[in-house]
Amino acid sequence: MPNPVAHFEIYGDNPEKLGDFYKGVFGWEIKDAGVPGQQYWLIKTVPTDEKGAPTTPGGINGGLMKRPMPDSHNWISYVTVASLDTTVEKAKSLGATVIRPKSAVPQQGWFAILTDPEMNTFAVWQDDPKAA
């Protein structure tokens, strides 16, 4: 399959407390990402290599952050794509709505958040170490 799920995010009003919940339920390792000016915690569900990539086949790790939109009560999965711009345009032509336009994660890549025609939220991700 050319477009695997690469990452997930969990949103909460009190992310630190919510992190304790997921640690307690699943035993996940959750730690502050250490990005200045951002409240973002990394969720480790499987072992990773020195770059933070999962070493378990099919393994997915994620993130935890303050709820970015008042009605965002679902986990969001990030699907890896070759071209974010092309994928967003294709999704829009098939009935998707962009709810967060192309945004950078500095030196990692680009993402956009969309809803499908049934209002399910998902994100697309393009690796790009040159992202601003």
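Tabulated data for the structure shown
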{"item": "Close pairs (6 angstrom Cβ cut-off, 6 or more residues apart or separate chains): without any contact (Cβ under 8 Å) to a residue 40 or more places away in the chain in region 56-81, open to solvent by less than 40 Å² (accessible area, probe 1.4 Å) anywhere", "result": "Thr56/Val46; Gly59/Val46"}
{"item": "Scope region 1-35; condition touching a residue at least 12 places away in the same chain (Cβ under 8 Å), over 18 Å from Ala53 (Cβ atoms) and either open to solvent by 90 Å² or more (accessible area, probe 1.4 Å) or aromatic (Phe, Trp, Tyr) (or both); matching residues", "result": "Tyr11, Asp13, Glu16, Tyr22, Phe26"}
{"item": "Residue in region 36-44 that is closer than 24 Å to Pro129 by Cα, among the basic types (Lys, Arg) and surrounded by fewer than 11 Cβ atoms within 10 Å (Cβ to Cβ) present", "result": "no"}
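The values are calculated or read from the model by the stated rules, or taken from the named source; none is laboratory data. Just so it is clear, the structure is predicted and the values come from calculations on it, not from any experiment. Here the Cβ is made from the backbone with ideal geometry for all residues, glycine too, and neighbour counts use every protein chain on show. For accessibility, only protein heavy atoms count, side chains too; no ligands or nucleic acids. Shrake-Rupley method; radii C 1.70, N 1.55, O 1.52, S 1.80 Å.
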